[in-house]
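Written below as structure tokens is the structure these notes are about.
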Amino acid sequence: MKTCILIFILVCSKSIFAQKTLDTIYANDKKNVALFFPSQIRQGITGADHFVFTYNREKEQYFGLLQAKPGNESNLLTVTNDGKIYSYILKYAEQLSKLNYFVAEDESIGIEIPQIKLRKTENKIVSTYTDRKPYFQRAAEYLLKSIDIPIATKRKKRIQLQLKKMIYDASEVYLVIEVKNKSGIDFEIDYLNIYRTSGNSKRKASFQRLRQEVVYKHVMPSAISNRQAKKFVYVLPKFVLGDNEKLMLELKELKGSRKVILETKI
């Protein structure tokens with residue numbers, strides 16, 4: 001007999017990212033600069049193409065390697081698998097005085113997702129997804145307001161489908177999705193389905209896809225007007241992709257032929 005209570009973490013000195021002075025990391029194209037984090041790296045992105053941050057995307061590890069080419073300063077944003085966010089200023093330098101950076105946990109500028117605390121209650125059993133709708137709603141609202149690093153993007157006929165986040169929480173997974181319309185014509189949504197796929201889609205004999213149940217949709221739009229973008233959240237029962245599986249998002253137009261299919265290994 002339990003109920004989930006959402007506790008927001010972005011408070012005190014870490015509540016506003018701009019209040020924390022960011023450290024500067026120097027790199028060049030002659031040597032690798034290694035960054036060791038207290039938790040495994042889930043995502044990392046630089047603000048400019050002349051800075052490259054590489055890490056193991058298949059098997060999460062604690063370190064990543066940074067290289068740079070001459071150019072203006074930029075930034076690095078990294079999210080570890082415990083939801084902690086780390087941000088640094090990046091600059092190019094011909095000579096490097098430091099090649100290894102060991103990141104402390106207190107250097108985090110915030111956390112990506114709210115922590116969940118379980119509290120025992122009397123005479124109440126939360127047993128269905130309907131009962132948990134208020135919880136899903138609060139968590140989804142938080143995710144829509146929090147910082148995101150796009151995971152995968154697909155564009156077709158000037159319709160953009162983007163998976164912005166994939167967050168595991170207890171027995172569910174949250175997908176933060178954005179659809180952007182620059183086609184010049186309003187896009188009415190027939191459906192947006194989620195699948196697990198395996199095999200090669202070009203070879204029908206080997207290709208399989210399994211549609212995933214969606215237990216809650218938060219601010220799901222019925223249409224995307226021209227020059228508009230809409231961001232929303234899907235909540236699904238927890239699943240884990242196999243080594244040879246991909247996640248597929250299929251967006252279909254109502255009363256039209258436009259369709260966008262996004263596939264990612266995450």
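The values are calculated or read from the model by the stated rules, or taken from the named source; none is laboratory data. Worth saying up front: this structure is predicted, and the values here are computed from it rather than measured. Positions of Cβ are generated from backbone atoms using ideal geometry, with glycine treated the same way; all protein chains shown enter the neighbour counts. Heavy atoms of the whole protein, side chains included, go into the accessibility calculation; ligands, DNA and RNA do not. Shrake-Rupley method; radii C 1.70, N 1.55, O 1.52, S 1.80 Å.
So here's what we get for this one:
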{"read-out": "Failed criterion for VAL52 (all others in (1) at pLDDT 95 or above; (2) under 23 Å from the mean Cα position of the chain (by Cα) hold)", "value": "(1)"}
{"read-out": "Selection from the stretch 233-266 of residues that are open to solvent by less than 50 Å² (accessible area, probe 1.4 Å) and without any contact (Cβ under 8 Å) to a residue 60 or more places away in the chain", "value": "LEU241, GLY242, GLU245, MET248, GLU250"}
{"read-out": "Which numbered condition LYS145 fails, given (1) open to solvent by 90 Å² or more (accessible area, probe 1.4 Å); (2) touching a residue at least 40 places away in the same chain (Cβ under 8 Å)", "value": "(2)"}
{"read-out": "Matching residues, the stretch 234-265, being assigned to a strand (DSSP E or B), aliphatic (A, V, I, L, M) and closer than 28 Å to GLU60 by Cβ", "value": "VAL235, LEU236, LEU247, MET248, LEU249, ILE261, LEU262"}
{"read-out": "Listing of strands (runs of 3 or more DSSP E) fully contained in the stretch 37-107 that carry 1 or more residues being open to solvent by less than 20 Å² (accessible area, probe 1.4 Å) and not hydroxyl-bearing (Ser, Thr, Tyr)", "value": "41-46, 51-54, 63-68, 74-80, 84-92"}
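Residues checked against (1) more than 20 Å from GLU141 (Cβ to Cβ); (2) in contact with a helix residue (DSSP H, G or I) (Cβ under 9 Å, 6 or more places away or on another chain); (3) open to solvent by 20 Å² or more (accessible area, probe 1.4 Å):
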| site | (1), (2), (3) |
| --- | --- |
| LYS165 | no, yes, no |
| ASP169 | no, yes, yes |
| GLU178 | no, no, yes |
| ASN181 | yes, no, no |
| ASP190 | yes, no, yes |
| THR197 | yes, no, no |
| PHE207 | yes, no, yes |
| LEU210 | yes, no, yes |
| GLU213 | yes, no, yes |
